[in-house]
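This report refers to the structure that appears directly beneath it.
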Amino acid sequence: MDKFELNIDEAIEIRERQKVNVPSLYKVFLLNDDYTTMDFVTRILEEIFHKNPVEATQIMLHVHKNGKGLAGIFTREIAETKIASVEDLSNQHGFPLKCTMEKE
Ligand code: TYC
């Protein structure tokens with residue numbers, strides 16, 4: 001074999017090194033309940049999910065009417081951290097607000 005050619009093992013090795021690990025994404029949903037105030041849910045969407053006041057209000061009303069609504073899409077660790085932040089802040093205020101996450 002010519003010294004400038006790659007053998008199959010070398011070619012596979014180079015391909016493996018070039019592979020990019022694309023992280024899986026997760027949808028985070030807010031769930032409706034009968035006790036959390038509309039203002040509090042809107043505040044959560046603004047402060048934790050960085051929605052503007054109009055979007056935050058629209059999402060909150062969607063959850064109120066439909067039972068759940070998309071708050072954002074994140075990698076697994078960020079989704080888990082957002083959910084923990086929502087539940088910590090809700091507990092501190094005595095609200096039962098809950099989130100779920102689903103792999104995209
Ligand atoms: N259903 C609540 C109420 O009537 C409002 C609410 C909206 C609660 C969205 C949770 O994720 C939620 N006060």
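The values are calculated or read from the model by the stated rules, or taken from the named source; none is laboratory data. All figures in this text were calculated on a predicted structure; none of them were measured in a lab. Backbone-built Cβ (ideal geometry, glycine too); neighbour counts: all protein chains shown. The area values use the complete protein model at the heavy-atom level, side chains included, leaving out ligands, DNA and RNA. Shrake-Rupley method; radii C 1.70, N 1.55, O 1.52, S 1.80 Å.
For segment 71-85, which residues satisfy the criterion of being of a type outside the set (D, E, K, R), assigned to a helix (DSSP H, G or I), open to solvent by 40 Å² or more (accessible area, probe 1.4 Å) and within 21 Å of Asn32 (Cα to Cα)?
Correct list: Thr81, Ala84, Ser85.
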Here the residues within segment 7-40 that are in contact with a His (Cβ under 8 Å, 6 or more places away or on another chain) and part of a helix (DSSP H, G or I) are Met38, Phe40
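Condition check ((1) among the hydroxyl-bearing types (Ser, Thr, Tyr); (2) without any contact (Cβ under 8 Å) to a residue 40 or more places away in the chain) across all residues:
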| site | (1), (2) |
| --- | --- |
| Ile8 | no, yes |
| Glu13 | no, yes |
| Arg17 | no, yes |
| Tyr26 | yes, no |
| Asn32 | no, yes |
| Phe40 | no, no |
| His50 | no, yes |
Scanning segment 52-64 for residues that are open to solvent by 90 Å² or more (accessible area, probe 1.4 Å) and either touching an Asp or Glu at 6+ places or on another chain (Cβ under 8 Å) or more than 9 Å from the ligand (Cβ to nearest atom) (or both) gives Val54, Gln58
